[in-house]
């Protein structure tokens, strides 16, 4: 590409045809272009490199983008809403592999089920959510899930919590309830 200044303006041309000494010349040589007053135009280097985007993101990139976009909303979902999009939550294995601390209230996917972290901790291979009830609670939309003996205050039942035990439905009467339904602290429904 070539350029020249005329009447205070810069004009650009590919110079396939030029006028030289009153004659039109097609496909002029470099010498003829220079004689006609044109100069070679060299584009300035961009200040920042131009990044060419990838044409198609792969599946993992799309999934990460969706997770990032929805992260705030996912954290504020009810347990029932969370179950409908359970695949958006990180897996227990990913946290184990990263040796990353999980915090109380965080939801994790494990063995086709969604679990809520009861106590903040760093996962260990033998502390799987399906076995370690002191660290994890399975999230379920079952109105009366099976009663599980609490191991302490961290997984004790609270007022209004519903359970199924000995083929009956029970509602907790107290916060911090570690008693077995039918013994103390529960009302049969």
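List of remarks:
- Every condition in (1) touching a helix residue (DSSP H, G or I) at 6+ places or on another chain (Cβ under 9 Å); (2) closer than 24 Å to residue 76 by Cα; (3) assigned to a loop (DSSP other than H, G, I, E, B); (4) in contact (Cβ under 8 Å) with a residue 24 or more places away in the chain is met by residue 125 except one, and the failing one is (2).
- Segment 86-109 - residue that is surrounded by 15 or more Cβ atoms within 10 Å (Cβ to Cβ) and out of contact with any strand residue (DSSP E or B) (no Cβ under 7 Å at 6 or more places or on another chain) and, of those, farthest from residue 130 (Cα to Cα): 88
- Residue 179, sole failed condition from (1) in a loop (DSSP other than H, G, I, E, B); (2) closer than 30 Å to residue 97 by Cα; (3) modelled with pLDDT of 90 or more: (2)
- Of the residues 116, 67, the single one that is touching a helix residue (DSSP H, G or I) at 6+ places or on another chain (Cβ under 8 Å) and in a strand (DSSP E or B) is 116.
- Filter result (in contact with a strand residue (DSSP E or B) (Cβ under 6 Å, 6 or more places away or on another chain) and surrounded by fewer than 16 Cβ atoms within 10 Å (Cβ to Cβ)) within segment 174-189: 187, 188, 189
- Among the numbered conditions (1) modelled with pLDDT under 90; (2) over 20 Å from residue 76 (Cα atoms); (3) assigned to a strand (DSSP E or B), the only one that residue 109 does not meet is (2).
- Selected residue [modelled with pLDDT under 85, touching a strand residue (DSSP E or B) at 6+ places or on another chain (Cβ under 8 Å) and surrounded by fewer than 16 Cβ atoms within 10 Å (Cβ to Cβ)] from 73, 79: 79
- Residue match in segment 128-148 (condition: assigned to a loop (DSSP other than H, G, I, E, B), touching a strand residue (DSSP E or B) at 6+ places or on another chain (Cβ under 7 Å), surrounded by fewer than 14 Cβ atoms within 10 Å (Cβ to Cβ) and touching a residue at least 12 places away in the same chain (Cβ under 8 Å)): yes
The values are calculated or read from the model by the stated rules, or taken from the named source; none is laboratory data. For clarity, every value in this text was computed on a predicted model and none was experimentally measured. Neighbour counts are summed over all protein chains in view; Cβ atoms, including those assigned to glycine, are modelled from backbone coordinates with ideal geometry.
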